[in-house]
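Input: a single structure, listed below in structure tokens.
Readers should treat all values here as calculations from the given coordinates under stated rules, not as data from a laboratory. The structure presented is a predicted model; accordingly, all values stated were derived computationally and were not measured. Positions of Cβ are generated from backbone atoms using ideal geometry, with glycine treated the same way; all protein chains shown enter the neighbour counts.
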Amino acid sequence: MNVDTELLNAIIDNSKDAIVISDANNSILEVNVAFIKLTGYEKSEVKGITLFNVCYAESHTTTLFESTEQITKEDSTIQYKSTMRSKNGEAIWADSTTHIIYDEYKQPVLYLTIMRTLAKLDAQCNQGVRVNHYDPLTNLPNVFLLYDRLEQTIISARRTGNPVSLLTFGLDRFTVINEGLGFHVGDMVIKEVGARLEKTIRKSDTVARLAGDRFCLVMSITVANDSVVVAEKILNAMNEGFLVQDREINLTASIGISMFPTDSEDTNTLLLLSESAMRHVKQNGGNAYQFFSTEMNEKARRRIEIENNLRTAIQYNEFILYYQPKVNIETNAIVGAEALLRWNKPGGGIVPPNEFIPIAEESGLIALIGQWVIQRACEDIKKWQEHGVSPVRVSINVAGIQLRNKDIITQVKETIAKYKIAPNYIELEITESSLILDPQRAVDILNAFQEMGVHVSIDDFGTGYSSLSYLSRFPVNTLKIDREFIKDIQENKNNAEITRAIIGLSKSLKLEVVAEGAENVEHINFLKAQDCTTVQGFYYSRPIPPEEFEKLLSIGYIHI
């Protein structure tokens, strides 16, 4: 029996019990009206954060995460008591039931949690809870709540496989302020430091005050570089200076970083290691961060070096575009090309994209670089036209951060107009994950591109978060099969079936399909048998400079 989605939503919203729907990582997907009334949080404030960031467990409470870790293999429902905290800090006892929904492989995919309120703690009791869990000066979690949050983050990380980063933060030479200006000035500085730290972190992270001028940040991350980004933000926030009682106070900070599970799987040890790294930074002059791991320190140094060099590369125009042809599999005619960014570093040669693109994305520099790519591609197309060569559609990779820029539509439109080229010569390649972050905004942007005549392709299709319901909503022209499915297509039957399915899906939806990563005749024969007409890969050509690609275009096809 199919249940109408609107009816189901109405039932959930009319429930008197607070209801939370979370994904496999315990990140909140949806909450109902009762939850909003009970906690004071709006949907937009809790979506995407983990449930334990709006709940904290007393010592006698069996938490959702400990319990699901123990029973998900054989059960589908768990009951437990939890202490919730509302947006204003009020503590609420709840009797909770979590229903676990599994996929066909017996892996959890959704958690439906129903919270039946037992009682709100009275003002005196609630104040006691905050005293036990929160620092009275900064109103941040204290060391007791920090331990709880760290343990919960690690429990979740064991299930997801993501690392956890622990940053211990201390002000440099803070005793000078206390002794020279008085403890009341020191307290005011500490309060401001706490406020700045809160503005720096995500809602899913925890920042706590340990004691004195020491703070600690717990983060669930994807890669170690995420820690670097946050550490740099904290240092920059401290370097802005403090104005206290008409006195300008300049401070620096030292940050030590430890990682779960790389450095340790024990909470106490992780704290000791991050503090050890912080002390090492202080001994070396402060105003810096350091990983406990020597190897990670080297990675962090390399990252900073690349980011600084990228800023220089933008300023001095060190980037170039290479073009890889897209070829008709039947005629070998060149029907398109992908513009691929290369960094020609003076004295260092060509820097591989996988070394600098992730850092450009993390630092936000990808927006400037992406704008340059669009402009240079349009400039090359115009040049080919002026040289009497018939251009082909050029696809340009667009990063997620560019899509979130409200000026992206204007930038593309103005650049096309500047070089007076036909909009259909431009195709924007956008990854699935970029689209899924904000589907409605993505639909609006893609519609704007389509209206101006620009083609849109979903890049790396099948590797991200695609669903047929989203695909039917997105106004796109092309699906691009990721090279990971093509490279071992002869040996891997699953990849062969996925490739067949994507080609069939494209035809059903009347979309173009492009297979990238074709490197040998076996790849070509397989794709030809599946009626995939457009192919890109080393079998035909490696990415080449614009002058060489222009020569290929003048011929019109590739000799095999």
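Data for the structure
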{"read-out": "Taking the chain and dividing mean pair separation by its residue count, relative contact order in percent (alpha carbons under 8 Å, at least six apart)", "value": "8 percent"}
{"read-out": "Sites V143 and T97 - FRET efficiency at Förster radius 30 Å, r taken between beta-carbons, to 0.05", "value": "0.40"}
{"read-out": "Extension gain (nm, one decimal) between V229 and T160, 0.36 nm per residue minus Cα-Cα", "value": "22.7 nm"}
{"read-out": "Karplus-derived 3J(HN,Hα), 6.51/-1.76/1.60, for each residue of segment 353-370, Hz, glycine and proline x", "value": "x, 5, 8, 10, 4, x, 5, 4, 5, 5, 7, x, 5, 4, 5, 5, 5, x"}
{"read-out": "Rounded to 10°, Cα long-axis angle of helix 408-419 versus longest principal axis of the chain", "value": "30 degrees"}
{"read-out": "Magnitude of the charge dipole, segment 135-292, Cβ model with Lys/Arg +1 and Asp/Glu -1, debye to 20", "value": "240 debye"}
{"read-out": "Selection from L137, F260, F242, by position along the positive dipole direction of the chain (Cβ)", "value": "F242"}
{"read-out": "Ratio Rg/Rh [Cα only; Rh per Kirkwood] for segment 135-292", "value": "0.97"}
{"read-out": "Helical mean residue ellipticity (222 nm; -39500 (n - 2.57) per DSSP H run of 4+; nearest 500) of the chain", "value": "-13500 deg cm²/dmol"}
{"read-out": "Whole-Hz ³J(HN,Hα) from phi, Karplus 6.51 cos²θ - 1.76 cosθ + 1.60, for segment 481-490, glycine and proline x", "value": "6, 5, 4, 4, 7, 8, 4, 10, 5, 6"}
{"read-out": "Beta bridges per DSSP with both ends in segment 209-311, % antiparallel, nearest 5", "value": "55 percent"}
{"read-out": "Only Lys, Arg (+1) and Asp, Glu (-1) charged, at Cβ; the chain dipole about Cα centre in debye", "value": "720 debye"}
{"read-out": "Radius, Kirkwood style, for segment 256-382 when every pair of distinct Cα atoms is counted (Å)", "value": "17.8 Å"}
{"read-out": "Considering only the chain, percent of DSSP beta bridges that pair antiparallel, nearest 5", "value": "70 percent"}
{"read-out": "Selection from A377, I155, T415 lying farthest towards where the dipole of the chain points positive, charges on Cβ", "value": "T415"}
{"read-out": "Fewest-first sequence of R404, R116 by Cβ atoms within 10 Å of each Cβ", "value": "R116, R404"}
{"read-out": "Sequence-distant residues sharing a close amide H with I249 (under 5 Å, placed H)", "value": "F242, L243, V244"}
{"read-out": "Charge dipole of the chain about the Cα centre (unit charges at C-beta), most positive-ward option of G180, G212, V281", "value": "G180"}
{"read-out": "Fewest-first sequence of T138, T200, T410 by Cβ atoms within 10 Å of each Cβ", "value": "T410, T200, T138"}
{"read-out": "HN-Hα J in Hz across segment 10-20 - Karplus 6.51, -1.76, 1.60, θ = phi - 60°, x for Gly and Pro", "value": "5, 5, 5, 5, 8, 5, 7, 8, 5, 10, 10"}
{"read-out": "Measure of compaction for segment 403-560 (Cα Rg per 2.2 N^0.38 Å)", "value": "1.12"}
{"read-out": "Interchain or long-range residues, amide H under 5 Å from K326's placed H", "value": "V335, G336, A337, E338"}
{"read-out": "Cα-based helix-to-principal-axis angle, 546-555 vs the chain, degrees rounded to 10", "value": "40 degrees"}
{"read-out": "Base-10 log of normalised Debye intensity for the chain (one unit scatterer per alpha-carbon) at q = 0.08, 0.12 Å⁻¹", "value": "-0.69, -1.28"}
{"read-out": "Exposed-loop-free span, longest in the chain, where chymotrypsin sites (Phe, Trp or Tyr not before Pro) count as exposed if DSSP calls them loop and at most 16 other C-beta atoms lie within 10 Å", "value": "106-315"}
{"read-out": "Rounded tilt (10° steps) of 225-239 against the dominant C-alpha axis of the chain", "value": "60 degrees"}
